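Worksheet: one structure, shown below.
The values are calculated or read from the model by the stated rules, or taken from the named source; none is laboratory data. Since this is a predicted model, take the numbers as computed values, not measurements. No Cβ is skipped: glycine too gets one built from the backbone with ideal geometry, and neighbour counts run over all protein chains shown.
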Amino acid sequence: MAYRWTNDLTHDDVTPQGAFLNRRQIMAGMAGLGLGSLAGGAQAQDALEPNSWEDVTSYNNYYEFGTGKDDPADNAHLLTTSPWSVTIDGMVDRPGEYDFKDIMAEMTVEERIYRFRCVEAWSMVVPWNGFELADLLAMAGVQDSAKYVAFETLYRPSEMPGTAYRVLDWPYREGLRLDEAMNPLTLMATGIFGKDLPNQNGAPLRLVVPWKYGFKSIKSIVRITLSDQEPPTSWNMSNGREYGFYSNVNPQVSHPRWSQATERRIGGGLFAKRQPTLMFNGYEDEVASLYDGMDLGKFY
Ligand code: MTE
């Protein structure tokens, strides 16, 4: 496993006073190298200050461990994450069950500090460690006929108390169009803050699609299937009127039950001002072209 750090600062370097200037200086340097966009799009303008370890690991959505925000932190220790393998199948040249350790031996892990925006209108800034999904797909060899990528979370009721309740049709399923999956921003995260991913955050590997609502970022993945059909996805199956397949962050398109124009940044305290939500969560320059010809004012 190789390490490539696209952000020269780790969380250890981030002090409330110093980080803003340091990060701006580094972003300026990285822009010169043409790395700015990979490191997180509009972050050059708003100097992303990561949330705390405590915020990121104690306020979670992982319904397999319960629907309360603190249930995953309380229960996800029950999950066995080693050994772990990921089946990659469908329209690929080298289908098979890939051992997580073998995957890690091939991948280049880097740090990406991304905005993370939940459809429930809260948000965080998370320093992820991971590799590009495109690199994993290349390992399996995507065939020309493939148009979509489907993902599945582990379904192991003996270790997942939340699955006793049929809040969703388990296993948790998600999907992307192939060009979305191949976008350099699309990450398979294996860590946060330079440490292995905690179970409540989706150990040992989860998807991170920073321009989409958080529910697209499926946790603890055991299967990736390439197909020419748009795959069914859990939240869309559960309530298609409220959760579309695309679910790109868009402040102009309200959820049927609440506005998406603003968000509450976790860790800001009870009386913190809500902040405006950015189009494509701030990654418009990198991803807007994927949706040329689609009416972005419409719910998808
Ligand atoms: N993946 C699985 N398997 N189960 C889930 O309940 N919740 C989703 C997503 N991935 C979820 C999941 C939702 S709604 C969000 S907002 C993010 O995970 C939360 O990620 P975090 O807890 O790391 O912040």
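Looking only at the stretch 59-83, count how many residues are more than 14 Å from the ligand (Cβ to nearest atom) and of a type outside the set (A, V, I, L, M). Spell out how you get there, then give the answer.
Within the stretch 59-83, the first condition is being more than 14 Å from the ligand (Cβ to nearest atom), and the residues that meet it are 77-78, 80, 82-83.
Within this subset, residues satisfying the condition of being of a type outside the set (A, V, I, L, M) are 77, 80, 82-83.
The qualifying residues number 4.
Farther than 27 Å from Y59 by Cβ, modelled with pLDDT of 95 or more and not basic (K, R): is that true of A164 in this structure?
No.
For the stretch 147-167, which positions are crowded, with 19+ Cβ neighbours inside 10 Å and either touching a Ser or Thr at 6+ places or on another chain (Cβ under 6 Å) or not in a helix (DSSP H, G or I) (or both)? Give the derivation first.
Of all residues in the stretch 147-167, those crowded, with 19+ Cβ neighbours inside 10 Å come to 148-154, 160, 162-163.
Once the filter is applied, which keeps residues that are crowded, with 19+ Cβ neighbours inside 10 Å and either touching a Ser or Thr at 6+ places or on another chain (Cβ under 6 Å) or not in a helix (DSSP H, G or I) (or both), the stretch 147-167 yields Y148, V149, A150, F151, E152, T153, L154, M160.
Tally the residues that are within 23 Å of V142 (Cβ to Cβ) and hydrophobic (A, V, I, L, M, F, W, C), restricting the search to the stretch 195-238.
Looking only at that region, the number is 10.
Collect the residues in the stretch 104-124 that are hydrophobic (A, V, I, L, M, F, W, C), at negative phi and within 11 Å of the ligand (Cβ to nearest atom), keeping them in residue-number order.
Of the residues in the stretch 104-124, the ones hydrophobic (A, V, I, L, M, F, W, C) are 104-105, 107, 109, 113, 116, 118-119, 121-122, 124.
Keeping just the survivors that are at negative phi gives 104-105, 107, 109, 113, 116, 118-119, 122, 124.
Hits for the stretch 104-124 are F116, C118, V119, W122, M124.
How about the stretch 232-253: which of its residues are surrounded by 14 or more Cβ atoms within 10 Å (Cβ to Cβ) and over 20 Å from the mean Cα position of the chain (by Cα)?
Matches in the stretch 232-253: V253 only.
May I ask you to verify whether Y165 is closer than 25 Å to V287 by Cα and among the aromatic types (F, W, Y)? If you could, list the steps in order and put the result at the bottom.
Values: closer than 25 Å to V287 by Cα: no; among the aromatic types (F, W, Y): yes.
Judged against the criteria, Y165 is not a match.
Looking at (1) in contact with a Pro (Cβ under 8 Å, 6 or more places away or on another chain); (2) in a loop (DSSP other than H, G, I, E, B); (3) within 12 Å of the ligand (Cβ to nearest atom), which is the one condition that is false for P171?
(1)
Quick test for you: out of R223, R206, pick the one residue that is within 17 Å of the chain's Cα centre (by Cα), closer than 18 Å to K101 by Cα, of a type in the set (D, E, K, R) and crowded, with 21+ Cβ neighbours inside 10 Å. Let's see the steps before the verdict.
Details: R223 fails: crowded, with 21+ Cβ neighbours inside 10 Å.
None of the other options fit; the residue is R206.
For G141, all conditions in the list (1) within 24 Å of M91 (Cα to Cα); (2) out of contact with any strand residue (DSSP E or B) (no Cβ under 7 Å at 6 or more places or on another chain); (3) of a type in the set (G, A, S) hold save one; what is the number of the exception?
All conditions pass for G141, except number (2).
Looking at the structure I just gave you, is S247 touching a strand residue (DSSP E or B) at 6+ places or on another chain (Cβ under 7 Å), within 30 Å of G90 (Cα to Cα) and small (G, A, S)? Explain how you work it out, then say what you get.
On the way: touching a strand residue (DSSP E or B) at 6+ places or on another chain (Cβ under 7 Å): yes; within 30 Å of G90 (Cα to Cα): yes; small (G, A, S): yes.
So S247 passes the test.
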